[in-house]
Amino acid sequence: MKQPLIDSHGRVHDYLRVSLVEKCNLRCRYCMPENPEWTPGDQLCTTKELLAIIEEFISYGIRKIRLTGGEPLVRKDFDVILEHLSGRGIELSMTTNGVLIDQHITLLHKHGLKKINVSLDTLIPARFALITRRNVFEKVVQNIRMLVNEGFKVKVNSVIMRGINDDELCGFVEWTRDLPMTVRFIEFMPFNGNRWDDEKMVSISEMKERISEKYRFVKLEDGPNDTTKHYRVPGFSGKFGIISSMTEHFCGSCNRIRLLANGAMKNCLFSTEDTDLLSLLRKGEPLEPVIRRVIWEKKPSHAGRFNIAKQKNRSMVMIGG
Ligand code: SAM
Ligand code: SF4
């Protein structure tokens, strides 16, 4: 194995998040712009190319890989990619919108992909259709219950937006009374075309205050690279967490690298720079010096951007959350 990937702030990078596909079967307003500029097909990684770049990262001791997107389960060769990565001693996980889970559950069991985050921003069907521009609320909820019942480690991700779903914090916490899973509330982040504004963002402190009006909850211990602050209502089966990327960032312990479906690498979700590994691979040039430089140059927090709300970035659907 090669030397691990370390940045100039001493952070070891051993967690790769791979966006398998830019496209998606939902159209969440906070994620996908109305007119996305999709990458032309010939500039996206083939299965072989994607796996070659992932292998390069594995050679630096990557111990955790998360499959994301767009919607990872719409990628046609999802099974080939999962089969390739399984049984290697790498912790595998996935972030999905949950719509296609029932069609893939046998495959997920077979390859030991046990840690699954499912996005669900509301428990009200009409609101789901408004947020995602699609009418599949029941399917997603059924699939979440199926995952929990079949022993998967499930986290439900909910982006909290003022005036849209911020009145549902307690409804989601109530879900954890009987369901042994984690519900995570995410502070709304700015990306191209998602109409982010300060007013719509609900901070962690406000979320906690609003939950405390109904529930008494306790703080739980978080893992060393956790992006989530965890809590539990005593006596409830599940727990809840808050991802406070905007108001209390967790960059100091960041170990994450992002690889996009077009073979671009990012050293931070908020970085405006993409590093094109696919072109290097196609030209037969070595990836290692470039990868090491990009990691080394990672900024201490938020890609060094002073005001992340005011600068351009790709849309979230194309980066992969
Ligand atoms: N399609 C999958 C899904 O929805 O889970 C995976 C990709 S999605 C881009 C990954 C995560 O990013 C989701 O949990 C989603 O809620 C989150 N996300 C998207 N746009 C966001 C935003 N503007 N602010 C905060 N989180 C966002
Ligand atoms: Fe698709 Fe996930 Fe973005 Fe929604 S959040 S549009 S499901 S990629």
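Observations
- Filter pass, Arg63 being of a type in the set (Lys, Arg) and within 13 Å of ligand 2 (Cβ to nearest atom): no
- The stretch 268-285, residues that are open to solvent by less than 30 Å² (accessible area, probe 1.4 Å) and either at pLDDT below 95 or closer than 19 Å to Tyr30 by Cα (or both): Cys268, Leu269, Phe270, Ser271
- Restricting the stretch 102-144 to residues that are in a loop (DSSP other than H, G, I, E, B) and under 16 Å from Glu83 (Cβ atoms), the residue that is nearest to ligand 2 (Cβ to nearest atom) is Leu113.
- Residue pairs whose Cβ atoms lie under 8 Å apart, separated by 6 or more positions or on different chains, with the first residue in the stretch 83-99 and among the hydroxyl-bearing types (Ser, Thr, Tyr) and the second in a helix (DSSP H, G or I) and within 16 Å of ligand 2 (Cβ to nearest atom), are Thr95/Pro72; Thr96/Pro72; Thr96/Leu73.
- Residue among Lys283, Lys219 that alone is over 26 Å from Asp167 (Cβ atoms) and out of contact with any Gly (no Cβ under 9 Å at 6 or more places or on another chain): Lys283
- Scan the stretch 45-61 for residues that are in contact (Cβ under 8 Å) with a residue 60 or more places away in the chain and either surrounded by 20 or more Cβ atoms within 10 Å (Cβ to Cβ) or out of contact with any Gly (no Cβ under 8 Å at 6 or more places or on another chain) (or both) and the total you get is 9.
- Where a residue in the stretch 279-291 is touching a residue at least 24 places away in the same chain (Cβ under 8 Å) and acidic (Asp, Glu) and its partner, wherever it lies, is open to solvent by 60 Å² or more (accessible area, probe 1.4 Å) and outside any helix (DSSP H, G or I), with Cβ under 9 Å and at least six apart: Glu288/Lys2
- Some residue of the stretch 16-33 being more than 16 Å from ligand 1 (Cβ to nearest atom) and either assigned to a loop (DSSP other than H, G, I, E, B) or without any contact (Cβ under 8 Å) to a residue 12 or more places away in the chain (or both): no
- Within this structure, Val148 fails the test of being out of contact with any Lys or Arg (no Cβ under 8 Å at 6 or more places or on another chain) and within 16 Å of ligand 2 (Cβ to nearest atom).
- Given (1) open to solvent by 20 Å² or more (accessible area, probe 1.4 Å); (2) away from ligand 2 (no atom under 16 Å from the Cβ); (3) closer than 26 Å to Glu71 by Cβ; (4) part of a loop (DSSP other than H, G, I, E, B), number of the condition Asp42 does not satisfy: (4)
- Tally, over the stretch 101-135, of residues that are under 16 Å from Gly69 (Cβ atoms), in contact with a Lys or Arg (Cβ under 9 Å, 6 or more places away or on another chain) and open to solvent by less than 50 Å² (accessible area, probe 1.4 Å): 6
- Taken together, the residues in the stretch 286-307 that are surrounded by fewer than 16 Cβ atoms within 10 Å (Cβ to Cβ), assigned to a helix (DSSP H, G or I) and at pLDDT 90 or above amount to 5.
- Filtered by the rule that a residue be away from ligand 2 (no atom under 16 Å from the Cβ) and not in a loop (DSSP other than H, G, I, E, B), the stretch 73-91 gives Asp79, Val80, Ile81, Leu82, Glu83, His84, Leu85, Glu91.
- Residue within the stretch 9-23 that is touching a Leu at 6+ places or on another chain (Cβ under 7 Å), among the aromatic types (Phe, Trp, Tyr), surrounded by 15 or more Cβ atoms within 10 Å (Cβ to Cβ) and over 30 Å from Arg133 (Cα atoms) present: no
- The stretch 180-192, subset among the hydrophobic types (A, V, I, L, M, F, W, C) and modelled with pLDDT under 95, residue farthest from Phe217 (Cα to Cα): Phe191
- Some residue of the stretch 170-183 being within 20 Å of Pro33 (Cα to Cα), out of contact with any Pro (no Cβ under 7 Å at 6 or more places or on another chain), within 14 Å of ligand 1 (Cβ to nearest atom) and part of a strand (DSSP E or B): no
- Of the candidates Lys139, Lys219, the single residue that is open to solvent by 50 Å² or more (accessible area, probe 1.4 Å) and within 15 Å of ligand 1 (Cβ to nearest atom) is Lys139.
- Only a single item in (1) part of a loop (DSSP other than H, G, I, E, B); (2) of a type in the set (Gly, Ala, Ser); (3) within 29 Å of Glu168 (Cα to Cα); (4) out of contact with any strand residue (DSSP E or B) (no Cβ under 8 Å at 6 or more places or on another chain) is not met by Gly70, and it is number (4).
The values are calculated or read from the model by the stated rules, or taken from the named source; none is laboratory data. Computed from a predicted structure; not experimentally measured. As a convention, Cβ positions derive from the backbone with ideal geometry for all residues, glycine included, and neighbour counts pool all protein chains shown. Areas reflect the complete protein model, heavy atoms only, side chains present, ligands, DNA and RNA absent. Shrake-Rupley method; radii C 1.70, N 1.55, O 1.52, S 1.80 Å.
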